[in-house]
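Before any comments, here is the structure.
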Amino acid sequence: MYTVHSVYSAQDFVQPDSLSVTLSSRPPIQRRQSLYEQVYSALRTGILTGELGPGSRLIETQLTEWLNVSRTPLREALRQLQKEGLITADTNGGLRVITISATDAAELYDCRLALEQLSVAGACNHATDAQLTALEGYVVQAEAQDFQAAEIETLLQLLDLDYQFHRLIAESSGNRRLVSLLNQMFDTMALLRIQTLQQNPSVLDIRLEHRQIYEAIAQRDPAVATKAVRSHLLASKARVIQEIQATLGAAIN
């Protein structure tokens, strides 16, 4: 299950290779789960919240000390995260948290375009009154945020509301497989958002677009809702890719 919405913290905005700083506070280990499950959960949470930032090196000795575990469950957890595409091997054989390229971002948004057009169309036909009320609540909460302040806590709240909004639309469609497919993408999307927000918080200013999507769903108009979500995702795609390219250009210069 996708759980990033419940674990954002003010430490989300860190720079790559700052592992010794970001791991200063040891995460709690709950002995009710197997040790492998606990290590996997702690590392996955660290990645998806940005505590282990994009491009950060994952050094076994530091991680075993941070988590207070042996190398065996750590290596099992790292292998699973590598299968899920959240970490990757670098040219020296070490492991790093993935850094999402402009091409990766474009592919992610293209997949979301296809899936979320189905999502909003289904929501127009199947959303309950309670779900519509909850959707409006997410929109209103986002609109109440002082985006101009651009404080970390505000940005994290907007990230959370963005996730909650899109996931509830998928749930409202009544298509469980659609929810499952979108959940598989949301982890990587969360990492992409952390990566781009570090440089330019304005990429998250999507409040008007969410309002338009909600109103179309509330009016039970699939054509307008599909057009609204398509416009929203295309605009988000353009903003994110522009930011990735600008960041890459700055790094080269």
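The values are calculated or read from the model by the stated rules, or taken from the named source; none is laboratory data. Computed from a predicted structure; not experimentally measured. Cβ: placed from backbone, ideal geometry, glycine included. Neighbour counts: every protein chain shown.
Residues of the stretch 41-77 that are of a type in the set (Ser, Thr, Tyr), assigned to a loop (DSSP other than H, G, I, E, B) and within 22 Å of LEU191 (Cα to Cα): THR49, SER56. Residues in the stretch 93-111 that are polar (S, T, N, Q), buried (at least 18 other Cβ atoms within 10 Å of the Cβ) and over 16 Å from the mean Cα position of the chain (by Cα): there are none. From the list GLN131, GLN82, GLN117, the lone residue that is closer than 20 Å to GLY50 by Cβ and not charged (D, E, K, R) is GLN82. Within the stretch 132-160, residues that are assigned by TED's automatic domain parsing to the domain that holds ALA225 sit with their Cβ atoms under 6 Å from residues that are small (Gly, Ala, Ser) and at pLDDT below 80, at 6+ positions apart or across chains, in these pairs: ILE152/ALA10.
Cβ-Cβ contacts under 7 Å between residues 6 or more apart (or on different chains), taken from a first residue in the stretch 44-70 that is in contact (Cβ under 8 Å) with a residue 60 or more places away in the chain to a second residue that is assigned to a strand (DSSP E or B), are listed as ILE47/VAL97; GLY53/VAL97; PRO54/VAL97. For the stretch 38-65, the candidate set comprises residues that are modelled with pLDDT of 90 or more and in contact with a Gly (Cβ under 8 Å, 6 or more places away or on another chain); within that set, the residue that is surrounded by the most Cβ atoms within 10 Å (Cβ to Cβ) is LEU58.
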